[in-house]
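Visitor: I'd like to ask some things about the structure below.
The values are calculated or read from the model by the stated rules, or taken from the named source; none is laboratory data. Just so we're clear, the structure is a prediction, and the values are computed from it rather than from any experiment. Positions of Cβ are backbone-derived with ideal geometry, glycine not excepted, and every protein chain shown enters the neighbour counts.
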């Protein structure tokens with residue numbers, strides 16, 4: 001590539017500051033964009049010392065910027081320069097803006113005078129902190145460069161003020177603004193409203209005002225920046241539809257989100273890890289369910305949903321209803337399979353349930369005893385096989401060991417039903433997930449073919465239960481279900497596919513719309529796309545039930561074919577391919593600048 005832009009400053013609140021999905025976007029594409037712009041690519045983020053520990057390596061400021069950085073220090077801006085320790089090691093400017101807060105009211109006054117952005121009533125740290133930092137980011141870029149081949153690229157409303165600052169100073173740097181989701185669109189959808197059904201009927205200005213000064217200020221900031229930027233972009237077609245109506249500008253380029261596929265295991269490696277982590281899940285289930293009753297673990301499938309606790313937006317509501325219908329269908333069919341469904345959705349937890357801790361302790365006692373005797377047990381099995389004797393408990397254990405095992409096993413057994421959640425919650429009676437599971441008849445009784453486990457903590461790999469990370473938990477499962485009604489992109493099904501795991505997404509997610517236009521799918525599509533655009537919830541529940549039923553009836557060979565198809569689809573969203581869209585957006589911004597200068601020259605020539 002030979003881009004017109006020669007220097008790029010990419011500005012985001014999530015540079016070295018993990019908050020949400022934008023962190024994944026920026027960090028995962030760093031190596032590819034560095035390949036194009038090399039040392040003239042800089043990221044700009046906030047400086048939070050605790051957040052930067054282990055991921056940011058501070059280095060001396062480049063010689064060409066030392067005078068500028070010293071000047072900014074006198075204005076109250078402490079600039080930390082270095083490398084973000086992700087693939088590509090991109091250059092980073094992190095701004096300590098704590099001494100710059102005195103400029104807050106002056107910034108807000110300018111935004112009102114120039115753009116009628118009413119932020120004086122928004123005395124909230126979640127608005128004011130990004131506002132001050134972003135304004136400072138604009139000041140930093142102004143001080144470092146004033147070149148027509150420089151791009152200032154800001155993500156979301158949090159970084160938007162940096163571009164408005166540059167516009168106020170008539171900077172030669174060209175501006176690109178990306179919205180990943182509009183504030184107003186997200187709020188409307190979270191109110192259980194069908195955003196896309198009412199999009200053409202609402203007045204965005206009025207709707208934003210109705211929702212208070214916080215939402216209104218963010219909305220006005222987004223709208224002003226989207227229209228002031230040289231190039232406006234969104235991350236998907238579905239967000240483009242939303243932004244055009246709410247912000248009043250059609251996206252010039254779609255900057256689709258991708259993954260660095262080189263970081264993910266090959267299909268063969270993923271298959272081996274699937275077996276490893278599936279066994280770890282089975283071990284967990286031995287003390288989660290088996291103290292109450294047993295079922296055939298070798299004929300059990302593991303489904304999961306993961307993400308933020310957005311009950312409606314993430315489609316958790318229709319997922320639970322569909323699981324209830326799936327349970328009825330499998331029971332009516334007298335299906336021999338069992339479906340275990342994990343809800344990897346963090347909530348407000350108090351601690352692991354006492355009965356699960358006791359189950360784990362008693363189970364570990366049995367396991368430790370077998371571990372201690374495993375060499376003797378293996379030798380006896382080998383002898384029995386070679387001697388062509390029948391293997392039995394009595395042939396493997398002496399009478400004392402059998403009695404000991406019996407006592408330990410009896411201590412493990414419990415009456416009642418396995419709990420629906422691994423942890424006690426702060427307000428369990430009002431938990432939407434647990435209440436919806438009860439309403440759907442998913443109570444983990446022995447007859448249920450669909451059993452559920454709410455796992456309301458972050459998957460760290462060291463939680464004293466599964467002890468698996470986010471990706472390891474995915475790889476141990478068979479199907480991820482992500483039936484979102486509002487999902488500007490939707491990384492989770494893409495990540496699952498990259499790990500060789502089948503999944504379900506929707507045509508209301510950016511990734512789902514990227515996969516297809518009509519969403520016509522074959523028997524083993526890899527990733528099923530649920531039609532939710534213009535559909536009622538009842539239709540989505542019915543279709544989702546059929547998808548999961550179809551998957552439950554897959555043969556082992558069909559599940560393997562579906563995994564291969566999923567991995568193949570994920571490879572189409574590799575940053576190596578999608579990074580070209582960023583270059584396209586930057587070239588467009590520079591091209592507009594060149595066209596503007598040519599017009600000015602022509603006007604002067606005519607005079």
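Visitor: From the list 278, 328, which residue is in a helix (DSSP H, G or I) and either buried (at least 20 other Cβ atoms within 10 Å of the Cβ) or in contact with a strand residue (DSSP E or B) (Cβ under 8 Å, 6 or more places away or on another chain) (or both)?
Guide: Result of the check over 278, 328: 278.
Visitor: Given the structure, is residue 464 within 23 Å of residue 299 (Cα to Cα), assigned by TED's automatic domain parsing to the domain that holds residue 513 and assigned to a loop (DSSP other than H, G, I, E, B)?
Guide: Answer is no for this residue.
Visitor: Residue check, residue 334 against (1) crowded, with 20+ Cβ neighbours inside 10 Å; (2) at positive phi, all met but one. Which one?
Guide: For residue 334, the failing item is (1).
Visitor: State which residue is surrounded by the fewest Cβ atoms within 10 Å (Cβ to Cβ) when the search covers only the range 416-442 and only residues that are in contact (Cβ under 8 Å) with a residue 12 or more places away in the chain and over 29 Å from residue 329 (Cβ atoms).
Guide: Ranking the candidates gives 427 first.
Visitor: Could you tell me whether any residue of the range 75-93 is in contact (Cβ under 8 Å) with a residue 60 or more places away in the chain, assigned to a helix (DSSP H, G or I) and crowded, with 17+ Cβ neighbours inside 10 Å?
Guide: no
Visitor: Could you tell me how many of the residues in the range 14-41 are closer than 18 Å to residue 158 by Cα and outside any helix (DSSP H, G or I)?
Guide: Qualifying residue count for the region: 7.
Yes/no matrix, rows are residues, columns are (1) surrounded by 15 or more Cβ atoms within 10 Å (Cβ to Cβ); (2) free of Cβ contacts under 8 Å to residues at least 24 places away in the same chain; (3) under 25 Å from residue 443 (Cα atoms):
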position: 345; (1), (2), (3): yes, no, yes
position: 366; (1), (2), (3): yes, no, no
position: 374; (1), (2), (3): no, yes, no
position: 378; (1), (2), (3): no, yes, no
position: 382; (1), (2), (3): no, yes, no
position: 387; (1), (2), (3): no, yes, no
position: 395; (1), (2), (3): no, yes, no
position: 399; (1), (2), (3): no, yes, no
position: 413; (1), (2), (3): no, no, yes
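Visitor: Identify the residue in the range 102-125 that is assigned to a helix (DSSP H, G or I) and touching a helix residue (DSSP H, G or I) at 6+ places or on another chain (Cβ under 8 Å) and, among all such residues, is nearest to residue 76 (Cα to Cα).
Guide: Top of the filtered list is 103.
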